[in-house]
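Enquirer: Just passing along the structure, written as C-alpha cells.
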Amino acid sequence: MHLAMVGVGYVGLVTGACMAEAGHQVICMDLDPEKIEALRRGVIPIYEPGLEDYVHRNVAAGRLSFTTDLKEAVSKSQAIFVCVGTPSREDGSADLQYVFGVAKSVGQTMEDYKVVVDKSTVPVGTAARVRQLIAKELARRGVDLSFDVVSNPEFLREGAAIGDFMSPDRIVVGVESDRAKELMAEVYRPWTEKNHPLYFMEVPSAELTKYAANSFLAAKISFINEIANLCALTGANIVNVRQGMGSDKRIGPLFLNPGLGYGGSCFPKDVKALIHTAKTLAYNFKMLEATDTVNMTQRHRFILKIIQHFNGNLDGRKLAIWGLAFKPDTDDIREAPALTLIERLLDLGVQLAVYDPAAMNEVKKYFHQHPERDRITYGEFPEAVLPGADALIICTEWQVFRKADPQAIKSRLKNPVVFDGRNIFKPEAMRDLGFTYFFVG
Ligand SMILES: NC(=O)c1ccc[n+]([C@@H]2O[C@H](COP(=O)([O-])OP(=O)(O)OC[C@H]3O[C@@H](n4cnc5c(N)ncnc54)[C@H](O)[C@@H]3O)[C@@H](O)[C@H]2O)c1
C-alpha cells in the first residue's frame, strides 16, 4: 500500500520505517528541511536503537523516501498518517494546532479518496474536528471528494520503539466506515497475519484508549513513589515491598520502579490533557490530579534531600550528574527530571559536571541561553565528571551506570556521597563501601 507519514519525529519516523519494513511504500514528510535533508543523506536525527538499520535498509529497497512537500506526500498515498506533536498548552490541554494544520493542508491538496489517520495522541473529539476542517477546505475548493478520518493511537516506547511497533501488544483503530476499516485492515495485515491483535472500535473509544493507557501507567509510577516514600518513613524496604507486590499477577512488576517520577514527551502531557478533558465535561478526575502532583513533588523531595545533606549551603559546590535523558536508551529530554534538578542546582550556585550516553547535545541546546550555562561542564564518559565532585547524583538508569564499579566512583569523588534517584545500587553494599548513599524509599 502507499502510505504517507506527516511529521517525522519519534513516532512518524519509526512508523514510516516499520511500515516500509512490512512491505508498504512509504513517503515521510516534515516541515523541517534540515531533518529531511539529513534523512536523505542517511543521517538519523534521533537516537533510537535499531532505527538506523531499518531506515537504511528500506531506503535502499526503494520503499522509504522523504520530502518536505505535503502535496507530493498526499498525492502518492492512500492513507495519510498524522504524526505531528501535540504538546501541552498552559491550561494542560493538548495543543492541536499542528494536527489541524495538517488537516487543512490535506483538504487543500487531496485529489481523490484518502484516509486520514490520527496517529498523534489527541483528545476525544479530535477526529471529528479534523473531518470538519478537511470538509471545509474541500467546500472552499468547490470539489466533492470522499474521505475518512481514522484514529490509530500509537503505544510505542522510546528506546524500544522498533520492537514495540513490530510486535505490538495490540493495535487500536477507531473507524466509522467499512471502506476505511478495510483499508486499515490491509495496512496492518502483516501484523494480524502474525497474530498481533487489531481491535476496531468507535473513534472516540480509540482516542480515549491511548489516554487511559498512559494515565494508568503514570498513576502506577506515582503510586509506587508514594509507597517508596512511606517505606522511608516506616523502615520498610521498597525493593522487597515492590517484589512482594509486583509478583501478584493482577498487579505485575512493570512500572513499579520508584524514582524521580515520570518525564518524557507523553506521560506528563497526556495526564494533564486527560485531566483537562474531564474538566471540560465537569468531571473532576481526582486520581489523575494526584498522580500529576505526586510526580512533580517527587523531584522536589529529592532536591530537598540534597539541600539538607549540605545544610542548605550549596553555593560553590561541585556536583556530578549521571543521566540526563528522561529514561534510558533515548536522547529525549522533554520533561526530564534531570532538567528540574539542574535548573534548581544552578539557582543554588552549584557547579555541575554532567554525563549522559545519548542526550548531551539535547541538554547543551536546552541550556544554551541559560545565564548560568557556563557552570555546566559535559564529560566524555561517566567517570570523567567525578573528580573533585562533592557528590554524584543519578537521574537516569542507563545500563552503563548500573555496571559502574562503586570503588572506582569512590576513588574519584571528593566525598563518597551518592544521591541515587533511580535505586540502581544496593544500599547495604554502598554503605559497606563507606558511601553516604541516598536512594528513593
Ligand atoms: N514519542 C513517543 O514516545 C510517543 C509515543 C506514542 C505517541 N506519541 C504521540 O505522537 C505524536 C508525535 O510525537 P513525537 O514524539 O513523534 O513528536 P516529535 O516532536 O518528535 O515530532 C513531531 C514532528 O512533526 C513535525 N511537524 C510539525 N508540524 C508539521 C506539519 N504541519 N507538517 C509536517 N510536519 C510537521 C515536526 O517538525 C516534528 O519533526 C504526539 O502526539 C505524541 O504524544 C509519542
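Enquirer: Condition first: within 10 Å of the ligand (Cβ to nearest atom) and closer than 18 Å to residue 115 by Cβ. Now tell me which residues in the range 5-32 satisfy that.
Expert: Matches in the range 5-32: 5, 6, 7, 11, 12, 15, 28, 29.
Enquirer: Identify, from the list 324, 319, 314, the residue that is closer than 21 Å to residue 423 by Cα and in a loop (DSSP other than H, G, I, E, B).
Expert: Exactly one of 324, 319, 314 is closer than 21 Å to residue 423 by Cα and in a loop (DSSP other than H, G, I, E, B), namely 324.
Enquirer: Step by step: first the residues of the range 77-114, then only those that are of a type in the set (D, E, K, R) and farther than 15 Å from residue 147 by Cα, then the one that is nearest to the ligand (Cβ to nearest atom). Which residue is that?
Expert: In this case the residue turns out to be 95.
Enquirer: If you take just the helices (runs of 4 or more DSSP H) that sit entirely in the range 355-436, which of them hold at least 2 residues that are in contact with a Pro (Cβ under 6 Å, 6 or more places away or on another chain) and surrounded by 14 or more Cβ atoms within 10 Å (Cβ to Cβ)?
Expert: Passing ranges, in order: 406-412.
Enquirer: Residue 277 fails exactly one of the following numbered conditions: (1) of a type in the set (Val, Ile, Thr); (2) over 13 Å from the mean Cα position of the chain (by Cα); (3) surrounded by 24 or more Cβ atoms within 10 Å (Cβ to Cβ); (4) over 28 Å from residue 230 (Cα atoms). What is the number of that condition?
Expert: Unmet condition: (3).
Enquirer: Go through the range 104-135 and give me each residue that's free of Cβ contacts under 8 Å to residues at least 40 places away in the same chain and among the basic types (Lys, Arg).
Expert: Listed by number, the residues that qualify are 104, 129, 131.
Enquirer: Across the range 32-59, what is the number of residues that are free of Cβ contacts under 8 Å to residues at least 12 places away in the same chain and hydrophobic (A, V, I, L, M, F, W, C)?
Expert: Qualifying residue count, the range 32-59: 2.
Enquirer: I want to confirm something. Restricting to the range 39-58 and keeping residues that are surrounded by fewer than 18 Cβ atoms within 10 Å (Cβ to Cβ) and of a type in the set (Val, Ile, Thr), which single residue is farthest from residue 362 (Cα to Cα)?
Expert: This residue is 43.
Enquirer: Might you check whether a residue that is basic (Lys, Arg), closer than 19 Å to residue 11 by Cβ and either outside the structural domain of residue 279 (by TED's automatic domain parsing) or in contact (Cβ under 8 Å) with a residue 24 or more places away in the chain (or both) occurs anywhere in the range 60-69?
Expert: Yes: one or more hits.
Enquirer: Turning to a different aspect of this structure: Does the range 18-31 hold any residues that are closer than 17 Å to residue 76 by Cα and part of a helix (DSSP H, G or I), and which are they?
Expert: 19, 20
Enquirer: So, of the residues in the range 237-271 that are small (Gly, Ala, Ser) and outside any helix (DSSP H, G or I), which turns out to be modelled with the lowest pLDDT?
Expert: The qualifying residue modelled with the lowest pLDDT is 265.
Enquirer: On the basis of being outside the structural domain of residue 54 (by TED's automatic domain parsing), surrounded by fewer than 21 Cβ atoms within 10 Å (Cβ to Cβ), among the aromatic types (Phe, Trp, Tyr) and touching a residue at least 24 places away in the same chain (Cβ under 8 Å), does residue 255 make the cut?
Expert: yes
Enquirer: Can you name the number of the only condition in (1) touching a strand residue (DSSP E or B) at 6+ places or on another chain (Cβ under 8 Å); (2) surrounded by fewer than 16 Cβ atoms within 10 Å (Cβ to Cβ) that residue 86 fails?
Expert: With respect to (1) touching a strand residue (DSSP E or B) at 6+ places or on another chain (Cβ under 8 Å); (2) surrounded by fewer than 16 Cβ atoms within 10 Å (Cβ to Cβ), residue 86 is out only on (2).
Enquirer: For the condition in contact with a helix residue (DSSP H, G or I) (Cβ under 6 Å, 6 or more places away or on another chain), farther than 25 Å from residue 46 by Cα and among the hydroxyl-bearing types (Ser, Thr, Tyr), what is the one hit in 120, 151?
Expert: 151
Enquirer: Suppose the filter is in a helix (DSSP H, G or I) and near the ligand (Cβ under 10 Å from one of its atoms); does residue 35 pass it?
Expert: For residue 35, the condition - in a helix (DSSP H, G or I) and near the ligand (Cβ under 10 Å from one of its atoms) - is met.
Enquirer: Would you pick out the residues in the range 226-269 that are away from the ligand (no atom under 16 Å from the Cβ) and either hydroxyl-bearing (Ser, Thr, Tyr) or under 19 Å from residue 336 (Cα atoms) (or both)?
Expert: 234, 247, 256, 257, 258, 259, 260, 261 - these are the residues of the range 226-269 that are away from the ligand (no atom under 16 Å from the Cβ) and either hydroxyl-bearing (Ser, Thr, Tyr) or under 19 Å from residue 336 (Cα atoms) (or both).
The values are calculated or read from the model by the stated rules, or taken from the named source; none is laboratory data. Worth saying up front: this structure is predicted, and the values here are computed from it rather than measured. Glycine also receives a Cβ, built like all others from the backbone with ideal geometry; neighbour counts cover every protein chain displayed.
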